Every structure is written in structure tokens, then in C-alpha cells.
1. Please compute the modelled spin-label separation between residue 76 and residue 139, points set 7 Å along Cα→Cβ, answer in nm with one decimal.
2. How large is the accessible surface per residue of the chain, computed with a 1.4 Å probe and reported in Å² as a whole number?
3. Going from most exposed to least, what order do 274, 246 have by accessible area with a 1.4 Å probe?
4. Would you mind getting me the FRET efficiency between residue 264 and residue 21? Use the beta-carbon distance for r and R0 = 51 Å, nearest 0.05.
5. How large is log10 I(q)/I(0) at q = 0.11, 0.16 Å⁻¹ when the Debye formula is applied to the Cα atoms of the chain, each weighted equally and without solvent?
6. Any lysines with Cα under 27 Å of the residue 57 Cα? List them, leaving off those in the same chain fewer than 8 positions away.
7. Find the relative contact order for region 54-112 and round it to a whole percent, using C-alpha pairs within less than 8 Å whose residues are 6+ positions apart.
8. Would you mind calculating the gained length between residue 132 and residue 114 on full extension (0.36 nm times residue separation, minus the Cα-Cα distance), in nm to one decimal?
Amino acid sequence: DVARAYELQGDFVNQSLALNYFSLTQQKLGDWNGASESVTNSLNILNKLNLNSHESKHVLALAFNTQGSLLLARGEPEKAIESWQKAVNIYSEINDNTGRTGSLINKANAYQALGFYRRSVSVFDSVEKHLLSSANSPLKVAGLRRLGNVLQATGKFDESQKMLKQSLIVAQQLQSASEESATLLSLGNLYLAKAKTKLPPNNAIHQNYTPLRCDTITAISDNAKKDYAQSLDFYQKSLNKSTSEITKVQAQLNILSVPPELRQKPITQEITAIKSEIATLTPSRAAIYDKVKFARNL
């Protein structure tokens, strides 16, 4: 146990860092209680120290970032925002612009989860210039993608497309299949949203289905069909590139939002594939949303 070894050496900063990384691993595995215990122990160790060095403060900021990710995954975005703001304050104190930007992006993501899109856009406005001018990195890809997602949610489709296309370019330059897949998924969502705005107001896609009412999609304009086709293309590319089960399921689920007559595979094949994938998802906030969305689609 690395953390235990550092403890025996009296190197408490690195002990805390090891616990922090262990918590991130546990989060990936869906071990939420273990992840919570690890990051809490990490923070408790740091809080007992006299944190004057740049290194120790950097580790403390990392721990607050990890805690924020855990809280958001467990459905506590308000508490996650508090943790990320603490990380922002520390990164600002030690003049770590990259760390500060990452924490602000995480904070904006939590605002979006709460439905506070204006606050999310406001946070992104403060980091957009740094994002665009920074060197290529996974942080830049994710930041541009999240900014694009917020702009899409607020109806700013052209600006959203610009950010998402830039995110895709950087992901391809980094040869990161996971980041590329996630951005392709967001581009699919953008074109799906654009298509829906071009449907007649009384179209079935805007109505609530009931057991005794199964309306059919009618009068889909050529422009809407083009956007639906674009969304399908991006979803399929996301599936092909995906290294994440959650991204793969989200792409498959969103394909179901495209009118059946515009899709290639029979709906029974699509549902069978999703059932197989969704059953293997690690328990998380995102997995719960996906299962609810699948039930609604059914």
C-alpha cells in the first residue's frame, strides 16, 4: 500500500496524494463509499499539516477537486460546487492558472447539472480566453466541449458548434479516442437539438405519449432531415470511437430520439443492444439518468 509506505516514512503530503489518486480509482470502479473514505482521509491529513509550501497546497487543491467529482457523481452538485470553489481559491493563491481553469470548468459543469445555465455560461466566459490560447491537453478538449454543451443548452447553436468543432480538432490532434468520442456525442446532441427546432409546433415529438396515444412523426422538413442525418452520423462515429461504456450507452440512447423512419437499424435490434450495454454500467448518477431515459424511450 503506497499511502501506508509514505505514512511510515513520515511523508504525509505524498500519503495524502496517494489517497487522492486511490479515491479517483475507486470512483472509476463505482466504489463510492471507499472513494469517500479515501478522499476524506486525504483531506484530514492535509488539514493537520502546516500548509505553507507550493507542493502541499497543490495537493490540497487536488483533493478538493477529487471530492467535488465524487459529490457530483453521488448527486450532490451544491456541495460539489463548494469543494471546487475551495480548489479555485487555492489554485489562485499559488498562481496555477491551469488548475484554476480546470476547477472552474468543473464548477460550471455542476451549475449545468442544477439547471443554472446562465451561471454556467458566466463561469465559462471567465475561462474561455485561457482555454482557447492554452496548449493542447485533455483539459482543453473537455473545457471546450463543456462550453459547447452549455451554449447548446441555451440555444446558441452556432457558437456551440464552433466550440465543439474546436474540441474535436484538439482531441484528434491528441489522438485521444475517449475525448474524441465524448465530443462526437456532444456534436450529435447539437444537431439533434437543431433538428427538433425545425419541426412543426404540433409535431408528435413535442407531445407527451400515453398508452392509448401513439402519434406518428409527420411533416419533417428537408432541413430537419439533414440535421437528423448529421446527428446520426456523429452518434455512430462516437460509438465507433468509444472506450467508455457510459458514452456508448448515451450515444445509443440518443439514436432512439431520431424518428424511426430516418434510422437504418430496426428498433428491436437497437433496444436489444442497449439492454445489453446498460446492464453492465457501473452504478453512478449518469447511469441512473441513462436507465430512466431508456425507460422513457421504451
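The values are calculated or read from the model by the stated rules, or taken from the named source; none is laboratory data. As the structure is a prediction and not an experimental result, all values here were calculated from the model. For neighbour counting, all protein chains shown are included, and Cβ atoms are generated from backbone atoms with ideal geometry for every residue, glycine included. Note: areas computed on protein heavy atoms with side chains; ligands, DNA, RNA excluded. Shrake-Rupley method; radii C 1.70, N 1.55, O 1.52, S 1.80 Å.
1. For residue 139 paired with residue 76, the spin-label model returns 2.6 nm.
2. Result: 52 Å² per residue.
3. Descending order: 246, 274.
4. Plugging the Cβ-Cβ distance into 1/(1 + (r/R0)^6) gives 0.75.
5. Here log10 of I(q) over I(0) equals -0.73, -1.36.
6. 28, 48, 79, 86, 107, 129, 140
7. Numbers: 66 pairs, mean separation 20.9, N = 59.
Averaging sequence separation for qualifying contacts and normalising by length gives 35 percent for region 54-112.
8. 3.9 nm
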